[in-house]
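Enquirer: First, the structure itself, so that you have it in front of you.
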Amino acid sequence: MAGKRMKIALVTTEIAPFSKVGGLADVLGALPDQLEGLGCEVTVFTPLYAEIDRRKFHLEPLPQTGALKASVNGREIEYTLSRARKPGTGITVYFIDNDKFYGRRGLYTTETGEAFKDEDERTIFFNRAVLEAIKSLKLKLDVIHCNDFHSGLIPVYLSLEEAENPLFKDTGTVFSVHNLAYQGTFEPEFLSKAGINQEFFQPMSPFEFWGRVNVMKMSLMFSGIISTVSKTYAQEITQSEDYGYGLEGVLNYRRDDLVGILNGIDPDAWNPETDRLIESNFSFRDLSGKVKNRDRVLEEFSLPPGKAPLFGIVSRLVDQKGFDILSEAFEKLMKLNLKFVILGTGQQKYHKLYTELARKYPRKLGVKLLYDNRIAHLIEAGCDFFLMPSKYEPCGLNQMYSLRYGTFPVVRATGGLKDTIQDLSPRGARGNGITFEEYSSQALYQAVQKALRFFGSSAAVEKARRRIMQEDHSWKNSAREYLKMYQRARGRMGMRLTKR
Ligand code: ADP
Ligand code: GLC
């Protein structure tokens with residue numbers, strides 16, 4: 001491969017700064033730039049959601065491709081392509097433009113969190129549309145890299161329909177699991193809607209999963225290489241049902257082709273020295289600004305000023321993130337000498353509970369049920385501790401953002417949290433946070449107590465703070481691992497089926 005630029009297409013349903021719900025957007029916001037830096041030729045395919053600012057990002061339609069068509073449930077759905085430069089790079093991002101599927105609010109769900117009723121057709125449409133776009137643009141690719149089930153049908157189509165197509169002769173497929181709990185399961189008829197032979201719906205086959213179709217399962221079987229976003233998560237999902245969500249058998253079957261590569265962070269977007277979203281910039285050399293951010297957080301959340309240790313959370317408010325054990329422990333936590341701020345949106349039960357708790361503890365707990373990037377940055381900058389008691393965490397990014405801002409992560413040792421956070425020694429000479437193993441409210445409570453004990457020594461806190469702020473969690477090493485994986489994936493597909 002030496003001397004030849006690898007041609008990679010990344011397919012994603014979120015990409016910062018255009019569209020974002022969670023960490024997937026951050027990963028796609030940073031990884032392509034790194035790959036470009038390593039000499040790859042990168043293109044990205046993503047939906048043109050209603051909320052994407054066409055003007056700000058200088059989107060231009062591509063009239064030369066004409067109206068393209070994607071076949072969904074026997075109908076030919078027309079769409080067009082637009083493109084934009086990924087800010088600060090030479091990377092072209094292609095946007096799939098179709099009003100029926102994207103002319104609405106929300107990326108995956110309605111505002112109240114319900115799945116879109118046409119999620120099946122919307123998924124099929126996106127995969128078909130991206131594949132047709134690649135064909136129409138005549139992109140000769142080394143690797144098509146799909147992310148989560150929303151783009152997981154492309155490897156299936158390549159194998160079932162394009163095996164003879166010279167355009168894809170050397171093309172391999174990579175499928176990345178960012179979150180195994182969202183698998184895309186649908187009624188059996190999904191297959192015929194997707195243009196896949198309905199007779200393939202046989203028990204135990206890649207096309208069947210407990211009487212339904214499971215897109216993630218198909219992707220795992222038909223992709224050349226599978227990756228996930230930390231080494232520990234790669235192990236966890238092959239080893240137990242708790243983590244594998246029913247796909248542990250399939251993952252185990254493909255374990256030789258499964259790679260764990262830790263996400264990095266964008267050190268420019270999350271930099272306390274230059275961050276414009278925070279109250280006062282600071283660095284490991286001069287920490288004085290951190291206190292001002294702390295005061296600002298308290299003010300923002302209408303909490304009284306004071307020196308009690310401040311714990312922050314920025315998260316989707318869902319079970320995955322440990323809100324069940326946190327909720328169980330909460331009243332007890334409120335008896336400790338600390339303050340808490342929570343920023344997030346998610347399941348309605350948690351909206352209700354934390355609104356009530358904030359009313360009950362107005363001097364100790366501040367809650368904002370919002371999605372707000374500025375407040376997210378401010379919390380990272382101003383808190384003393386950042387809590388992530390996740391039930392499972394493929395990688396997690398906020399713990400690494402916290403380190404940059406000298407905010408100690410308190411995490412459950414699972415997935416990427418386990419790979420990035422090690423326990424602090426009492427004097428602060430080693431480690432970068434507080435971890436706990438067991439998924440229980442008791443273990444969480446004890447970890448918070450441990451954090452408070454550590455906080456008792458200001459010398460240890462300051463020493464450790466300066467140290468953790470200098471840790472390198474950038475993409476540098478991980479991007480190289482991606483490149484190696486792509487070299488291995490070139491021309492490689494998963495399962496082959498000749499019968500269509
Ligand atoms: P996940 O992708 O599972 O949600 P990650 O830790 O990988 O978890 O990434 C979450 C990303 O989303 C982070 O960049 C985090 O700051 C951001 N985020 C989550 N909730 C909010 C919110 N309410 N407001 C602003 N940013 C948020
Ligand atoms: C998922 C995971 C998170 C990971 C992110 C990006 O949303 O929940 O742990 O950091 O994807 O890979």
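Enquirer: Of the conditions (1) free of Cβ contacts under 8 Å to residues at least 60 places away in the same chain; (2) within 16 Å of ligand 2 (Cβ to nearest atom); (3) open to solvent by 40 Å² or more (accessible area, probe 1.4 Å), residue 319 satisfies every one except a single condition; which number is it?
Expert: Here residue 319 clears every test but (1).
Enquirer: Which residue pairs have Cβ atoms closer than 6 Å, lie 6 or more positions apart in sequence or on different chains, and pair a first residue in the stretch 213-241 that is open to solvent by 10 Å² or more (accessible area, probe 1.4 Å) with a second residue that is of a type in the set (Gly, Ala, Ser) and outside any strand (DSSP E or B)?
Expert: What qualifies is 221/494; 232/415.
Residues are listed down the side, and each one gets a yes or a no for (1) outside any loop (DSSP other than H, G, I, E, B); (2) over 20 Å from the mean Cα position of the chain (by Cα); (3) over 27 Å from residue 385 (Cβ atoms):
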| position | (1), (2), (3) |
| --- | --- |
| 219 | yes, no, yes |
| 227 | yes, no, yes |
| 243 | yes, no, no |
| 252 | yes, yes, yes |
| 259 | yes, no, yes |
| 278 | no, yes, no |
| 285 | no, yes, no |
| 290 | yes, yes, no |
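Enquirer: Of the residues 79, 49, which is outside any loop (DSSP other than H, G, I, E, B) and open to solvent by less than 60 Å² (accessible area, probe 1.4 Å)?
Expert: 79
Enquirer: In the stretch 385-404, what residues are more than 9 Å from ligand 2 (Cβ to nearest atom), in contact with an Asp or Glu (Cβ under 8 Å, 6 or more places away or on another chain) and among the aliphatic types (A, V, I, L, M)?
Expert: The answer is 403, and nothing else.
Enquirer: Is it fair to say residue 247 is within 16 Å of ligand 2 (Cβ to nearest atom), in contact with a Leu (Cβ under 8 Å, 6 or more places away or on another chain), under 26 Å from residue 163 (Cα atoms) and open to solvent by less than 70 Å² (accessible area, probe 1.4 Å)?
Expert: no
Enquirer: Which residues, counting only those in the stretch 405-418, are more than 8 Å from ligand 2 (Cβ to nearest atom), under 29 Å from residue 281 (Cβ atoms), in contact (Cβ under 8 Å) with a residue 40 or more places away in the chain and of a type outside the set (A, V, I, L, M)?
Expert: 405, 406, 407, 408
Enquirer: Spot the failing condition for residue 278; the list is (1) open to solvent by 30 Å² or more (accessible area, probe 1.4 Å); (2) outside the structural domain of residue 458 (by TED's automatic domain parsing); (3) in contact (Cβ under 8 Å) with a residue 40 or more places away in the chain, and only one is missed.
Expert: It fails just one condition, (1).
Enquirer: Can you name the number of the only condition in (1) surrounded by 15 or more Cβ atoms within 10 Å (Cβ to Cβ); (2) modelled with pLDDT of 95 or more that residue 269 fails?
Expert: If we test residue 269 against (1) surrounded by 15 or more Cβ atoms within 10 Å (Cβ to Cβ); (2) modelled with pLDDT of 95 or more, just (2) comes out false.
Enquirer: Just give me the residues in the stretch 122-136 being touching a residue at least 60 places away in the same chain (Cβ under 8 Å) and surrounded by fewer than 20 Cβ atoms within 10 Å (Cβ to Cβ), in sequence order.
Expert: Scanning the stretch 122-136 gives 132, 136.
Enquirer: Quickly run through the stretch 470-500 and pick out the residues that are closer than 30 Å to residue 287 by Cα and open to solvent by 40 Å² or more (accessible area, probe 1.4 Å).
Expert: Correct list: 470, 471, 472, 476, 477.
Enquirer: Take residue 65 and tell me if it is of a type in the set (Ser, Thr, Tyr), in the same structural domain as residue 16 (by TED's automatic domain parsing) and closer than 13 Å to residue 9 by Cβ.
Expert: No; evaluated as a whole, the condition is false for this residue.
Enquirer: Out of the stretch 14-32, which residues are among the β-branched types (Val, Ile, Thr), out of contact with any strand residue (DSSP E or B) (no Cβ under 6 Å at 6 or more places or on another chain) and not in a helix (DSSP H, G or I)?
Expert: The answer is 21, and nothing else.
The values are calculated or read from the model by the stated rules, or taken from the named source; none is laboratory data. All of these numbers come straight from a predicted model, not from anything done at the bench. Methodologically, a virtual Cβ is constructed for each residue, glycine included, from the backbone with ideal geometry; neighbour enumeration extends over all protein chains shown. To get the accessible areas, we keep the full protein, side chains included, count just its heavy atoms, and leave off ligands, DNA and RNA. Shrake-Rupley method; radii C 1.70, N 1.55, O 1.52, S 1.80 Å.
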